[in-house]
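Let me begin by presenting the structure, written as structure tokens, before commenting on it.
No lab work stands behind these numbers, since they all come straight from the coordinates. Every value quoted in this text rests on a predicted model; they were computed, and no experiment measured them. Glycine gets a Cβ as well: all are built from the backbone with ideal geometry, and neighbour counts include every protein chain shown.
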Amino acid sequence: MFGEKLKDYANLLKMARKPDRDEFLTTTKVAVAVMFVVGLIGFFIYILMDILPGALK
């Protein structure tokens, strides 16, 4: 069982390759955009939770 997993990992490393510049930049842009959107959603939720309780009183 352990030997099979080790073989699978070795095969995966053999198939892996370094991304070219364009692929790396595209992946980085997408990751930054997703982090920005998730942060913005979290910020809006924080603002709502901060303002809404005071507005309901």
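Placing unit charges on C-beta atoms (Lys and Arg positive, Asp and Glu negative, everything else neutral), compute the dipole magnitude of the chain about its Cα centre in debye, rounded to 20. Write down the numbers at each step before the final one.
Numbers: 8 positive and 6 negative charges, 32 e Å.
Dipole size: approximately 160 debye.
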Self-check item: Note, ³J(HN,Hα) from phi for region 6-17, Karplus 6.51, -1.76, 1.60, rounded to Hz, x at Gly and Pro
Solution: 4, 5, 4, 5, 5, 5, 4, 5, 5, 7, 5, 9
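Calculated from DSSP H runs of 4 or more alone, at -39500 (n - 2.57) each and per residue, what is the 222 nm mean residue ellipticity of the chain, nearest 500?
Details: 2 runs with 50 residues, N = 57.
Result for the chain, helices only: -31000 deg cm²/dmol.
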Exercise. Report ³J(HN,Hα) in whole Hz for each residue of region 24-32, in order, from the Karplus equation J = 6.51 cos²θ - 1.76 cosθ + 1.60 where θ = phi - 60°; Gly and Pro get x.
Key: 5, 5, 5, 4, 5, 4, 5, 5, 5
Exercise. Using label points projected 7 Å from each Cα along Cα→Cβ, tell me how many nm separate ALA31 and ILE47, to one decimal.
Key: 2.8
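How charged is the neighbourhood of THR27? Take every other residue with its Cβ under 14 Å from the Cβ of THR27, and add Lys/Arg as +1 and Asp/Glu as -1. If you can, show how the numbers build up before the last one.
Working: positive: ARG17, LYS18, ARG21, LYS29; negative: ASP20, ASP22, GLU23.
Within the 14 Å Cβ shell, the charges total +1.
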Quiz item: Which entry in [x] 14, 14, 11; [y] 45, 20, 4; [z] 33, 14, 8 matches semi-axes √(5λ) of the Cα gyration tensor in Å derived from the coordinates of this structure?
Solution: [y]
